[in-house]
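What follows is a short report on a single structure.
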Amino acid sequence: MHDQQLMEEAVTASKVRPSDLPAPPKDAFRIVQACSRTGIDSRDLGQIVANDPVLTAELLRVANSAFFGLVSQVKSVARAVTVLGNRALRNLVLCISMRDALRADSIPGFDIDAYWEDALRRAVSARSLGALAGLDADECFTVGLLQDFGLLVMLYLMPDHVGCWDLLAQATPDRRRDLELDFFHTTHDDVGLTLATSWDLPPDLAAAMGYHHNGPPEGADPQDVTLCRVAACADWMAAVYRSDDKRQAIQRTRALLKEYFGASAEQSDTLLQSVSDALAPAATAMGMRVGQQVDFNTVLREANLRLAEDNLSYQELNWRLEQTLAERDRIAEELRRELQLAREVQKSLLPRCGSPMPGIAGLNLSAKAVSGDFYDYYPLPNGRVAFCLADVSGKGMHAALLMAKTASLFRCLGKGVHDPGKLLGMLNREIYETSVRGMFVTMLAGVVDTASGEITLASAGHLPALHMGCAALMGEYPAKAPPLGINPDSVFPNDTFALQGGCLYLYTDGLLEAWVGDHRLEKDGLVCLLKEHSHLPLAARAERIADAVLDADRGIEDDLTLVIVEGARQHGV
């Protein structure tokens, strides 16, 4: 348990200690090192090989296999050394010794044959690239067999992660390397380089084991660069058969083979087919067990089927999106019609433009499809006219609905109650009883005697009404009670005054907050605007005041409503 913990700490620190690694076969690596020495005599080399009879027998068996295909059969170590040459001998010994470096039971619960089948698939892929890369095919085979040995070492050091094997094996090379970082906090190429250095492997093989993902350091031998590229391509070629994303693996393989070796798509596919054809003979030669192999055409059909399914899913997604957009448009059109109808209903609550009343005019502009402002006026007995202007808190449909309710109550109740303060009290109680979400209404209500110009006015939290003479502000009438819907017991006092030939202006905050140039109108600007247009007839005056604050680019930010009540001497009543 203690040893296992130490090994995991070593891997977690992304630095594998040589003492943690499996021990190399001593006789085998004595042969590898001897093959790398210049000037060694073939007789001396043969004697070193003969020191290990088991290795010798396996070496002769592999060398005489159909896969490696020597011209003539070799029956002795001395003959093998002479026929093979030092480099080929080194590669064969390395392949055999790495295969046997970890026994089948070295990693409990792990199917080591499955690992070696994947490794062998990379080996035959690399071997098929030898001629294309201008390298020795058997050396490429050795590189392919050894390049991911670091993954086997990581599983040996951390056997608790054996359960990750299937996920690692089915991933594409780039994805597998990311997963290794997640699981082991290091990667097979880093561990492979450490192992190659520790075992004193030949530099070209060490470079391929350590740098086949990111390429060797700058200034590396060109042959080492090519060997790393062979290993990188072999990794993706093997992934075509093993990964769960075969379409990506095929595309990436074709791209790498074209980039590194100028291979066409047809050449790439031929090389991929050779992998399936060569795996069984290679396994026989190396004494490994592999399962039933799938040929490349089957893999390609599976990838194309997956592509067709993806395209079908994409088309279905597009169809669903089109249906959703059509449904959205349908709902939007229904909403537009509903809003248009609501706007028409709301306009019907305002005084009809076709039936003007002498001495009073009004105008309402909505910031949205429907408005939260409203105004109204209608005749009462004895030559009097009732009028009002109101602003519902908020904007949009909920404000418009409360506006419709308040407007209906005003006209309905106002026909029988001619005292503005009492009328506001009744409206207040009705609105309070059904108020939702804290909404309220500010309102001015009044009655004007058209003969005398006397006005009775009450305010529920609204902006001050402005009493304007021909050239000056004559008075203001601010609110003396809160808005409707806040306190059911509120009292709304009346103000009574004579217009004396002037006009009374009622307005909502949409007018005060409107932009004029680079600033808002506000009260002082409104007074100046009222003076400027005081000579115009009522209806024209209301429109001209609105035009002065309308900006085609900005529009209006809030509902804008204006009511003008004119004195008797001005309208001739």
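None of the figures in this text is laboratory data; all of them are computed from the coordinates on show. Keep in mind the model is a prediction, meaning the values are calculated, not measured. Every residue, glycine as well, gets a Cβ built from its backbone with ideal geometry; the counts of neighbours run over all protein chains shown.
Values as computed for the structure displayed
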quantity: Of the trypsin sites (Lys or Arg not before Pro) in segment 370-443, those whose Cβ has at most 11 other Cβ within 10 Å and which sit in DSSP loop; calculated: 415, 437
quantity: Three-way shape label, segment 350-571, alpha-carbon gyration tensor, a/c 1.5; calculated: oblate
quantity: Cα-based reach from residue 347 at 23 Å (exclusive), listing lysines while leaving out same-chain residues under 8 positions away; calculated: 368, 395, 405, 415
quantity: Reference-scaled alpha-carbon Rg (2.2 N^0.38 Å with N residues) for segment 21-101; calculated: 1.01
quantity: Sorted by Cβ density within 10 Å, fewest first, the residues 357, 237, 403; calculated: 357, 403, 237
quantity: Surface/4 estimate of mean projected area, convex hull on alpha-carbon atoms of segment 184-292, nm²; calculated: 8.8
quantity: Helical contribution to [θ] at 222 nm, DSSP H n ≥ 4, -39,500 (n - 2.57), averaged over the chain, rounded to 500; calculated: -17500 deg cm²/dmol
quantity: The chain: relative contact order as a whole-number percent, Cα under 8 Å and 6+ apart; calculated: 10
quantity: Packing-based exposure ordering (other Cβ within 10 Å, fewest first) of 468, 288; calculated: 288, 468
quantity: Using θ = phi - 60° and Karplus 6.51 cos²θ - 1.76 cosθ + 1.60, couplings along segment 269-280 (whole Hz; Gly, Pro as x); calculated: 5, 5, 5, 5, 5, 5, 5, 5, 5, 8, 5, 4
quantity: Reachable lysines, given that their alpha-carbon falls under 29 Å from the alpha-carbon of residue 26 and they are not under 8 places away in the same chain; calculated: 15, 75
quantity: Distant alpha-carbon pairs in the chain (separation over 34 angstrom), percent; calculated: 60
quantity: Relative exposure of 470, 35, judged by other C-beta atoms within 10 Å (fewest first); calculated: 470, 35
quantity: Whole-Å semi-axes of the ellipsoid equivalent to segment 108-294 (Cα gyration tensor, √5λ, descending); calculated: 23, 20, 16
quantity: Under 13 Å from residue 258, Cα to Cα: aspartates and glutamates that are on another chain or at least 8 residues apart; calculated: 266, 269
quantity: Cα centroid separation - segment 446-476 against segment 480-510, whole Å; calculated: 9
quantity: Whole-number percent relative contact order across segment 350-571, with pairs defined as alpha carbons under 8 Å at least 6 apart; calculated: 25
